[in-house]
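Student: Just passing along the structure, written as structure tokens.
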Amino acid sequence: MRGLPIAARLYVAAVIIAGISLFAVCAPHMQFEQPLLFMALLVLSSASAALKVHLPLTAGKSTMSVSYAVDFASLLLLGPHETMLVAAGSALSQCTQNRKDPNPLYRTLFSIASLVITIQTAGLVFAALGGTRVDMSLAAIARPLIGAATAAFLVNTGLVAMAIALSTHARVTTVWHENFWWIAPSYFVGAATSALAVTFVSHAGYWIAPITFAPLYLTYRTYNVYLGRMEDKQRHVQQTSDLHLSTIEALARAIDAKDQTAHTHIRRVQVFATRLAEAAGLSDADIQGVKTAALLHDIGKLAVPEHILSKPGPLTQEEFQKIRIHPQVGAEIIAKVPFPYPVAPLIMSHHERWDGKGYPQALAGDQIPIGARILTIVDYYDAVTTERPYHSALTMESAIGLLKHEMGRALDPTLVPIFVDLLPALSAAIGEETAQLEAASAPPPLDLVAGNPSGLVPAPGPSAFENIALAHREIYALYEIAQTMGTCLSVSDTMALISSKLSKIVPWSGCSLFLHDPAARTLTCRFAVGTEASRVLNSTLGDDCGVFGLVVGHRQTVIANPGIPLEALGVSVSSDMKSAIVCPLIYNDIFIGCLSLYHAEANRYTEDHRRLLERITEQAGAVIHNSIVFEQTQEDSLTDPLTGLPNRRSMFVHLSRELARAGRLRGEVAVIVMDVDGFKAINDTYGHNVGDQALREVATTLQAALRPYDLCVRYAGDEFIVVLADCSRDSADSKRHELQSRVAEITLEVRPGKQLRLAVSAGAAVFPEDGSTLEELLADADHRMYRDKALRRGQLTMFHTARAEFAVVNEFSEARPLIAASSAERVPISA
């Protein structure tokens, strides 16, 4: 009984207990006045129980026999108490004879108990209507006999119908009408036959009794033929229904296969919805309706443009209106299919909300069909736990939190807890099924494309659904690349987009872009991702090297499928790459580089991959060329051409961003303004070439002393500005002194044997202590720098004065050369 619902278990137990109790109460009244007749009726009833037919609408689990006629005869001849044993014997025989599988004990006990209750009820009705045993005429016995037959029919079929209804979650009236109402005549025929047999036996003797059972056998044969034809008809109907459903399922899976945003979505929804419907106690017909509706719930998306379904960002109001029509379109399509259970209403309402804010009809609460409420829950869960263009997949725990949050809002609050309890088992089942589907649809290993020298026969190709998915994956990937390729300005961003979208239709373990330098006749890797990316990036090779030499020379795509190391591609790194495809990038008949894909598996690339890659590079050539031009222009606009440092425009962008970040996080930013001491004198004395060299040396020294995320800018002329993130006043002053000391160590050979030492004046300002805006910080730092410059001039003047006085007092001839040497070691003082 563990397989039965709780209500069915309780009901079956109650009937068994009632039957046993009734038997115990009535057993003491058994008299057995005619033991031979009792034994004959018991044997006859048990034998006739073997003449049974299976009820066609109960999956072969319920049967009906003609032994009820013998039970009626026993009721007339022996009375209800002895007849209980006769009926119990027939029930036991009916449950055990001619069965392939043993009948469960509870079902046998239930059958015996229900017949005990039936016989006692029929006996009471028979006696209440004036019936006696065999001493009545046919006219007198008609009324009590009809009453007893009616009571026996209603009680017996009612008890069984209730058990079936509770076991299958169906309505008892529906079960009774579909299974039992049409057998009512057999009860009255059996009762009448029994009465005639008893009358004949009482007047003509027991030898005529066998003749009276001829009508019973004819009745059995009639029902057997009738039910056999009915079963054949139902089998045909079921086969036709299965055929229709299989056809629809194949079409639905084909539609699902082309959906790149929710592949295998309907299969998961179907499994989830079916299990939830079963757990919610729906009838078999309603469960089948939910299962079919889950299969077809998104068929209306055929009326929604693909670019809306796959749009990665938020939908506009007009686009959302197009999405909202798909439940109604799907319901209109399915409404024309004559399903024997409700499907179209579930599809129509699967986007309704419990609070009435859904679409298309704004139904609320119990107005929404329960099947649609089930679809809403499982569709919502699957949508948030799978990767979509407009959101990332959530974990099961996060999704369960959302489900609970939406209880009473979008989702039925009584069904959500049931679904949450089912989720662990459902997820495991779906995981196993998904693994099986992926294994079945995985691409087969390929032999060498050219000539198949191995002589092996390739494994069968992908399934039909996988071919549909691949075709639409190609269309979708090409559409995405074409749609978004022009939105990227840099080479890295463009290639990151191309490589990510390309992986959906052309497999790769590594992807790289080599740009051509016609003057140097080299190819330099500007972008690399995947295996060996760190080694390949920024590598340079000759344009006549390896596979790339063939691509540059012939400007045609080359497939290198035999196992090859990257050295054969011209990249001198160790690798276990075994397949490669290299495609030229051409813009206005100018060769600009190569797009190359590598794979760790041998023989991985085919002519179909060549076709796809060449289709993409037709567009990518112009986009990458424009990206190169943009990067060069951007670099020129933000870089000082003399020192290679960022220029003042770059500083304004960087400093504004750092100040905004520091304002949010309550951090500090330091700005150091520096000016080369005596720079004009250097230009005037030694020429602009020496001045330019001095600026380059200062720039290199300052850049080397900074952290990677700090910024050093050539602001104008001989002025430099350093921006230090997360830097306090003490740290800024320390860094200022460090930079001045490092610059002071620079030595330039301005003439043969002539050395020049450099120096800078510097001032530091700290945000927000010295100012809250860019202008305030620069002004404060500039003021401190000039104060430092003045202080340094005073110290240098005092130094020269002291050295001159020392020379006069001591009158050493070596004093003047010493002073001159000292002057040569410092930068000349400007006016």
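Student: Among the numbered criteria (1) part of a helix (DSSP H, G or I); (2) buried (at least 23 other Cβ atoms within 10 Å of the Cβ), which single criterion is violated by E352?
Tutor: (1)
Student: Residues to consider are L702, L695; find the one that is in contact with a Cys (Cβ under 6 Å, 6 or more places away or on another chain), within 25 Å of L791 (Cβ to Cβ) and assigned to a helix (DSSP H, G or I).
Tutor: On the way: L695 fails: in contact with a Cys (Cβ under 6 Å, 6 or more places away or on another chain).
After ruling out the rest, the residue left standing is L702.
Student: Evaluate the following for V378: is it under 16 Å from V290 (Cβ atoms) and at pLDDT 90 or above?
Tutor: yes
Student: Related question: I want to confirm something. Restricting to segment 152-176 and keeping residues that are part of a helix (DSSP H, G or I) and among the small types (G, A, S), which single residue is nearest to V15 (Cα to Cα)?
Tutor: Kept after step one, since they are part of a helix (DSSP H, G or I), are these residues of segment 152-176: 152-168, 172-176.
Still in the running and among the small types (G, A, S): 152, 158, 161, 163, 165, 167.
Numbers: A152: 16, G158: 12, A161: 13, A163: 10, A165: 15, S167: 14 Å.
In this case the residue turns out to be A163.
Student: Taking segment 377-388, which residues are open to solvent by less than 40 Å² (accessible area, probe 1.4 Å) and either under 16 Å from E278 (Cα atoms) or not in a helix (DSSP H, G or I) (or both)?
Tutor: Correct list: I377, V378, T385, T386, R388.
Student: Determine whether D576 is acidic (D, E), at pLDDT 75 or above, in a loop (DSSP other than H, G, I, E, B) and at negative phi.
Tutor: Here the answer is no, as D576 does not meet what is asked.
Student: Of G771, G717, which residue is of a type outside the set (S, T, N, Q), touching a helix residue (DSSP H, G or I) at 6+ places or on another chain (Cβ under 9 Å) and without any contact (Cβ under 8 Å) to a residue 24 or more places away in the chain? Let's see the steps before the verdict.
Tutor: Working: G717 fails: without any contact (Cβ under 8 Å) to a residue 24 or more places away in the chain.
One residue alone meets the criteria, G771.
Student: If you go through segment 791-814 one residue at a time, do you hit one that is touching a strand residue (DSSP E or B) at 6+ places or on another chain (Cβ under 7 Å) and either within 14 Å of D677 (Cα to Cα) or at pLDDT 90 or above (or both)? Before you say what the answer is, go through the steps one by one.
Tutor: At the first step, the residues of segment 791-814 found to be touching a strand residue (DSSP E or B) at 6+ places or on another chain (Cβ under 7 Å) are 792.
Now narrow it down to the ones that are either within 14 Å of D677 (Cα to Cα) or at pLDDT 90 or above (or both): 792.
Yes, segment 791-814 has at least one match.
Student: Might you let me know whether segment 264-278 holds any residue that is hydroxyl-bearing (S, T, Y), at pLDDT below 75, touching a helix residue (DSSP H, G or I) at 6+ places or on another chain (Cβ under 8 Å) and within 22 Å of A344 (Cα to Cα)? Break it down stepwise before answering.
Tutor: The initial filter retains those residues of segment 264-278 that are hydroxyl-bearing (S, T, Y), namely 264, 274.
Subset that is at pLDDT below 75: 264.
From what is left, the residues that are touching a helix residue (DSSP H, G or I) at 6+ places or on another chain (Cβ under 8 Å) are 264.
Still in the running and within 22 Å of A344 (Cα to Cα): 264.
Yes, segment 264-278 has at least one match.
Student: For residues that are under 21 Å from H654 (Cβ atoms) and part of a loop (DSSP other than H, G, I, E, B), scanning just segment 755-796, find the one that is least open to solvent (accessible area, probe 1.4 Å).
Tutor: Result: G771.
Student: Let me ask something else. Take segment 67-82 and flag every residue that is within 60 Å of the chain's Cα centre (by Cα) and open to solvent by less than 10 Å² (accessible area, probe 1.4 Å).
Tutor: S67
Student: Please find, within segment 735-754, the residue that is farthest from G691 (Cα to Cα) out of those that are assigned to a helix (DSSP H, G or I) and among the charged types (D, E, K, R).
Tutor: K735
Student: Also, I was wondering about something else. It is to be established whether one or more residues within segment 334-347 are open to solvent by 40 Å² or more (accessible area, probe 1.4 Å), closer than 17 Å to A252 by Cβ and either touching a strand residue (DSSP E or B) at 6+ places or on another chain (Cβ under 9 Å) or aliphatic (A, V, I, L, M) (or both).
Tutor: yes
Student: Now, a different point. Check segment 781-789 and report whether any residue there is modelled with pLDDT under 90 and among the aliphatic types (A, V, I, L, M).
Tutor: Within segment 781-789, none of the residues are modelled with pLDDT under 90 and among the aliphatic types (A, V, I, L, M).
Student: Looking at (1) open to solvent by 20 Å² or more (accessible area, probe 1.4 Å); (2) free of Cβ contacts under 8 Å to residues at least 60 places away in the same chain; (3) hydrophobic (A, V, I, L, M, F, W, C); (4) within 23 Å of R649 (Cβ to Cβ), find the lone condition where F679 falls short.
Tutor: Just one mismatch for F679, condition (2).
Student: Search segment 521-565 for residues being of a type in the set (D, E, K, R) and under 37 Å from the mean Cα position of the chain (by Cα), and hand back the single one that is modelled with the lowest pLDDT.
Tutor: The residue in question is E532.
Student: For segment 603-633, which residues satisfy the criterion of being under 22 Å from I581 (Cβ atoms) and among the charged types (D, E, K, R)?
Tutor: Selection gives R604, E607, D608, R610, R611, E614, R615, E618.
Student: Say we look at segment 619-655 and pick out the residues that are farther than 13 Å from Y715 by Cβ, polar (S, T, N, Q) and surrounded by 12 or more Cβ atoms within 10 Å (Cβ to Cβ); which of these is modelled with the highest pLDDT?
Tutor: The qualifying residue modelled with the highest pLDDT is T639.
Student: Could you tell me whether T484 is under 39 Å from the mean Cα position of the chain (by Cα) and at pLDDT below 85?
Tutor: Taking the combined requirement at face value, the residue satisfies it.
The values are calculated or read from the model by the stated rules, or taken from the named source; none is laboratory data. What you see is a predicted model, and the numbers here were worked out from it, not measured in a lab. A quick note on method: Cβ atoms are made from the backbone with ideal geometry, for glycine too, and the neighbour counts reach across all protein chains shown. In case anyone asks, the SASA skips ligands and DNA or RNA and just uses the protein heavy atoms, side chains included. Shrake-Rupley method; radii C 1.70, N 1.55, O 1.52, S 1.80 Å.
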